[in-house]
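The values are calculated or read from the model by the stated rules, or taken from the named source; none is laboratory data. Note that the coordinates shown come from a computational prediction; the quantities given were computed from them, not determined experimentally. Methodologically, a virtual Cβ is constructed for each residue, glycine included, from the backbone with ideal geometry; neighbour enumeration extends over all protein chains shown. Note: accessible area is taken over every heavy atom of the protein model, side chains too, but ligands, DNA and RNA are not part of it. Shrake-Rupley method; radii C 1.70, N 1.55, O 1.52, S 1.80 Å.
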Amino acid sequence: MKMKVLIGLLVGLFFASAVQAQDMSEDAIKKRIQAVGSVHVAGAEAASAAAAGPRSGQDIYNASCVACHGVGVLGAPKLQNAGDWAPRLEKGFETVLSNAINGFNAMPPRGTCGDCSDDDIKAAIEYMIEGI
């Protein structure tokens, strides 16, 4: 008899917890099963990038360039440091721009800004050499 009561209580607890688990709002369910990340296919234009509009050279620098150019990683010229930029600018701005777009020495093509256009790279360089 005690075993039947114990089994009955366990079954009752199971059903009570199952009913409570089903009592979630639709918003709570959507939040619980939302995507964790997203997929970007190379060559495809990101929808959010088109809606963001043009970025300034400072915005691009702060988002993608500061990691290396902020402290001079592997010889990267630092922001608005004439001593670092002068030897590079002696070769001409177009050479500096070409090296940034295509990669040079330790710098990969377009640095870490995979979604930057040539004009974006140019704006970032112009920001980094501003006042020199």
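Can Asn62 be described as open to solvent by 60 Å² or more (accessible area, probe 1.4 Å) and among the polar types (S, T, N, Q)? So that I can check it myself, show each step before the final result.
On the way: open to solvent by 60 Å² or more (accessible area, probe 1.4 Å): yes; among the polar types (S, T, N, Q): yes.
Yes; evaluated as a whole, the condition is true for this residue.
Of all residues in the stretch 57-78, those that are within 18 Å of Gly103 (Cβ to Cβ) have Cβ atoms under 9 Å from Cβ atoms of residues that are among the polar types (S, T, N, Q) and open to solvent by less than 70 Å² (accessible area, probe 1.4 Å), 6 or more apart or on another chain, in Gly72/Asn81.
Here the condition is being open to solvent by less than 60 Å² (accessible area, probe 1.4 Å) and in contact with a Cys (Cβ under 6 Å, 6 or more places away or on another chain); of Ala124, Ala100, it holds for Ala124 alone.
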